[in-house]
1. Please report the antiparallel percentage of DSSP beta bridges with both residues in the chain, rounded to the nearest 5.
2. For region 174-266, what value does the Rg/Rh ratio take when both radii are computed over Cα atoms and Rh is the Kirkwood radius, given to two decimals?
3. Hey, what's the per residue convex hull volume over the C-alpha atoms of region 92-238, in cubic angstrom?
4. Using only the alpha carbons of region 102-149, what is the convex hull's orientation-averaged projected area in square nanometres?
5. Work through the residues other than residue 21 whose Cβ is under 10 Å from its Cβ and net out their charges, Lys, Arg +1 and Asp, Glu -1.
6. Normalised by the number of residues in the chain, what is the relative contact order in percent for Cα pairs under 8 Å and 6+ residues apart?
7. Using only the Cα atoms of region 23-71, build the gyration tensor, take square roots of its eigenvalues as a ≥ b ≥ c, and label the shape rounded, prolate or oblate: rounded if a/c is under 1.5, else prolate if a/b is larger than b/c, else oblate.
8. Once Rh is set to the Kirkwood radius over Cα pairs, what Stokes-Einstein translational diffusion coefficient, in µm²/s, holds for region 235-317 at a temperature of 37 °C and a viscosity of 0.692 mPa s?
Amino acid sequence: MDRSGVVVVGAGIAGVACAVELTRAGVPVRVRERGHVRGGRMASKRFQGRPADIGAAYFTATDPDFVALVERWRAAGLVREWTDTFRAYDRSGNHEVTGPMRFAAPGGLRSLVEHLAGAVPVTVDRLVLGVEPGPVVDGESCAAVVLAMPGPQAALLLDPALTDATRVVQAQRWSPTLAAVLRFPHRRWPDFRGAFVNEHPVLNLVCDDGDRRGDGAPVLVAHTVPEFAAGHLAQPTGAGPAIEQAVRDLLGLPEQAVDVHVHRWTYAKPTHATADATYHLDADGIGLAGDAFGKPRVQSAWRSGRDLGRALAARLG
Ligand SMILES: Cc1cc2nc3c(=O)[nH]c(=O)nc-3n(C[C@H](O)[C@H](O)[C@H](O)COP(=O)(O)OP(=O)(O)OC[C@H]3O[C@@H](n4cnc5c(N)ncnc54)[C@H](O)[C@@H]3O)c2cc1C
C-alpha cells in the first residue's frame, strides 16, 4: 500500500461506503476483510442454492442520500419494497402494525454491499491483526486506517497507546443474537410477512423469508432475544430445537422443520449510540465507523462510513 493511502478494515456496508467515497476523491484505498465474502452483518447464506438472510432482516431508508442509493439498487433489480405491515405478538395475542417501508433483496442483502463496492479493491480472507501508532497496520505504514466493525472487534486490533480510538470503542456496548433459518416441507402459516415478538423468552423477530424474497419458499428466519443468545454462544447449534419449538408454538405450525441452521452473532447490535458524531477520526489517523454511531441499522452504518470517507478525503486530499 502507498504510504498516502488508506487501509479500511471490514467490508460491511460501513467500510465499503467509506472506501467508495475515498476512491471517488482519488485517495488510494484498500479494503481488508477477514471473511470469505463482503457484506458483514448484511449476511446471506445459501441453502441448496437458495439464499436466506441470516443477518439484517431488512432495512428502511429515510436519509435522502441513502434513498437515492436504494433507488440505484432498485434500478439494478437488486432490491424490492417488501412491506410496511408486520404483526406484533405479545402475551395477549397478536395484531397488525404498520410502519415504514421495509426493503429486501431477492439475492440476499449481501448482494447490495457487493454492488456498492463496485470496483473498489477488497481483499477477502484477510484477517487484520493489529494497528499501531503511525498508523501502522500489520507492520505496514499508511496515511490513515479505518476500523469499520463492532467496537469489541476493533478493540482487539488497537494498540492501547492509541488512546482516543481505544476510549471510543471501550465505551460501546453490544448485544448478541442467534439467527435460525428454518426450512419447512410446506407453507403452513398464516400470512404475516414479519412478526415482532414481545415479552418472549426466546424470540424477538420472525420473518417469512419466502415472502421477503418473493419466491414463496417455505422458509422462516427467527432472531432470538439477547438473553437467550447469551446462554448459547458456545454451542449455538444446540439452541436449534428450542428456537424451532418456540416458532412452531407462536405460529401454530403443525409440521416440524426439515432443517434448522443457527448462526451466532456475538456482536449483533450496539445497545446505544456512541456519540452525537456519525464517526470517529482522531489526530493519529485512526477512524472508526459503523452502526454504533447512530441507530443499529443498515442506513446508520452506511452514513457513518460515507461521512468518515468524506472527512478523510478532505484531510488527505
Ligand atoms: C441478527 C441481526 C439483525 C439485524 N436486523 C437489522 C434490520 O432489520 N434492519 C437494519 O437496518 N439493520 C439490522 N441489523 C444491523 C445491520 O446489519 C448493521 O447495522 C450493519 O450491517 C452494520 O454494518 P457495518 O459495516 O457497520 O458492520 P459489519 O457488517 O459487522 O462489518 C464489519 C466487517 O468487519 C470484518 N472484520 C472484523 N474484524 C476484522 C479483522 N480483524 N480483519 C478484517 N476484517 C474484520 C467483519 O468480518 C465484517 O465483515 C441487524 C444485525 C443483525 C446481526
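Nothing in this text is a laboratory measurement; each read-out follows from the coordinates by a stated rule. On a predicted model such as this, the values are computed, not experimentally measured, just so you know. Neighbour counts are summed over all protein chains in view; Cβ atoms, including those assigned to glycine, are modelled from backbone coordinates with ideal geometry.
1. Percent antiparallel among DSSP bridges in the chain is about 70.
2. 0.94
3. Value for region 92-238: 196 Å³ per residue.
4. 5.0 nm²
5. Local net charge: +2.
6. 24 percent
7. Because a/c hits 1.5 or more and a/b fails to exceed b/c, region 23-71 counts as oblate.
8. Translational diffusion coefficient: 206 µm²/s.
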